[in-house]
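Student: Mind looking over this structure? Questions follow.
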């Protein structure tokens, strides 16, 4: 197998030698075949030791993926949806890439906005109109003697 990198996005690729793969037996139904084949695949990637990411990216990943990191700083993703180890490996790699991609997205800073003077005046006018309408309905209003 050729040593190709895992492409996360246009700016980030993770070399294969930084990924650790472990195969184990998948749980759940499946008959006799499931008891003898190790099709479940775990992919581990240590963000602390990775040379593929910058220090800023490392800090962001450590913050965003804190709940998913183990004591050694590994991110672990499991693939067990398929009956084939190769497909589970590809699935786990893609899920790892998607996880990292989402964690590295920096949300755009919100700019504070204010309503225009016209909009404020329009709002106040509509409130005055509603208030006047209700005032006229009350006893002692304009239409009591009709």
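Please treat every number below as a calculation from the coordinates, not as lab data. Owing to the predicted nature of the structure, the values given are computational and were not obtained by experimental measurement. All Cβ positions, even for glycine, are placed from backbone atoms using ideal geometry, and neighbour counts span all protein chains on display.
Student: For the chain, what is the calculated [θ] at 222 nm in deg cm²/dmol (nearest 500), taking -39500 (n - 2.57) for each run of four or more DSSP H residues and dividing by its residue count?
Tutor: That comes out to -11500 deg cm²/dmol.
Student: Using only Cα atoms and rounding to the nearest 10 degrees, what angle (0 to 90) does helix 85-104 make with the longest principal axis of the chain?
Tutor: On a 0 to 90 degree scale, this one is about 40.
Student: Rounded to whole Å and sorted largest first, what semi-axes of the equivalent ellipsoid does the C-alpha gyration tensor of the chain yield via the square root of 5 times each eigenvalue?
Tutor: 61, 24, 12
Student: If you don't mind, another one. Based on the Cβ-Cβ distance from residue 105 to residue 139, what FRET efficiency comes out when R0 is 41 Å, to the nearest 0.05?
Tutor: 0.10
Student: How far apart, in nanometres, would the label points at residue 132 and residue 86 be if each is projected 7 angstrom from Cα along the Cα-to-Cβ direction?
Tutor: 7.9 nm
Student: Right, here's the next one. May I ask you to derive the FRET efficiency for residue 71 and residue 113 from their Cβ-Cβ distance with R0 = 30 Å, giving the value to the nearest 0.05?
Tutor: Efficiency at R0 = 30 Å is approximately 0.10.
Student: Same structure, new question: If each residue of separation counts as 0.36 nm, what is the full-extension length gain between residue 62 and residue 95 once their alpha-carbon separation is subtracted? Intermediate values should be presented prior to the final figure.
Tutor: Values: separation 33, 0.36 × 33 = 11.88 nm, distance 1.75 nm.
Answer, rounded to one decimal: 10.1 nm.
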